[in-house]
């Protein structure tokens, strides 16, 4: 599971599972579903902070830091999807004075309340030692006379216990002129031991291309011969919750 602050909680594929006409509406109208998604994510983080302050039993300082440890569970993803759809249709209703869109907004508003209650009933997933999503690394070119190749790539952090975080955004390893590349990150977050590179010709089949994590300040040389065909396929799954916070002052494992 990704962390709350790693990336958008839900996406167009998730929203269209609830409303198949959404892509057509979003393309036709001036309001943006992606903009509503960002608003929904900000609102959810604020509500999570408020919930944690009231139900976690933690100090105010610790409670305000806890959203950085929240994982995106199925229940949290559903809440974000419903809130995004509610905001989207509310905006359409306002722009068009449309009863149909207003009814849609009210429908998803009820679904939003139900999804939020379900999340806090089943529990807000918390990771004790979160491994964040890494930024896109620095990629530099070194002249060489290799074969031409362009690869897609992502990296992910590994902590001192061997736990991996969510993959970075995709970037290109452009060796179209036969050059060699170097990939590096200047610094690593606390508890992160290094990073792993996944690369491949297709974004759906990125393979592990580093035998061991690259440490802070380390520079990885990349040639067109990677990735290792025996390397594991990139799995988007990351950290699972270590405990849950529910409508209670108790912390549950």
What whole number of Å gives the distance from the Cα centroid of segment 155-190 to the Cα centroid of segment 1-77? 26
Relative contact order for the chain using alpha-carbon pairs under 8 Å, separation at least 6, rounded to a whole percent? 20
Mind checking the angle between helix 33-55 and the chain's longest principal axis? C-alpha axes, 0 to 90 degrees, to the nearest 10. 70
Helix 99-122 sits off the longest principal axis of the Cα atoms of the chain, rounded to the nearest 10 on a 0 to 90 degree scale, by 70
From a point 7 Å beyond the Cα of residue 201 in the direction of its Cβ, which residues of segment 138-171 have a backbone N at a distance under 20 Å? 146-154, 171
Label point distance in nm, residue 149-residue 60, each placed 7 Å from Cα along Cα→Cβ: 5.6
Report the full-extension gain for the segment residue 113 to residue 215: residue separation times 0.36 nm, less the Cα-Cα distance, to one decimal in nm. 32.3 nm
In which sequence would 110, 82 go, from the one with the fewest C-beta neighbours within 10 Å to the one with the most? 110, 82
Evaluate E = 1/(1 + (r/R0)^6) for residue 225 and residue 187, where r is the Cβ-Cβ distance and R0 equals 35 Å; express this FRET efficiency to the nearest 0.05. 0.75
With N set to the number of residues, divide the alpha-carbon radius of gyration of the chain by 2.2 N^0.38 Å and report two decimals. 1.18
Using Cβ contacts closer than 10 Å as the measure, can you line up 15, 195 from fewest to most? 15, 195
Hey, what's the Cα Rg ratio for segment 12-130 versus the globular rule of thumb, 2.2 N^0.38 Å? 1.16
Relative to the longest principal Cα axis of the chain, at what angle does helix 74-96 sit, 0 to 90 degrees, rounded to 10? 60
Computed label-point distance, nm, for sites residue 170 and residue 21 using a 7 Å Cα→Cβ extension: 3.1
Principal axis box of segment 138-222, alpha-carbon based, largest edge first, Å: 39, 27, 20
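Every number in this text was worked out from the coordinates using simple rules, so none of it is lab data. Note that the structure is a prediction, hence the values are computed from the model and not measured. Ideal geometry is used to build each Cβ from the backbone, glycine not excepted, and the neighbour counts take in all protein chains shown.
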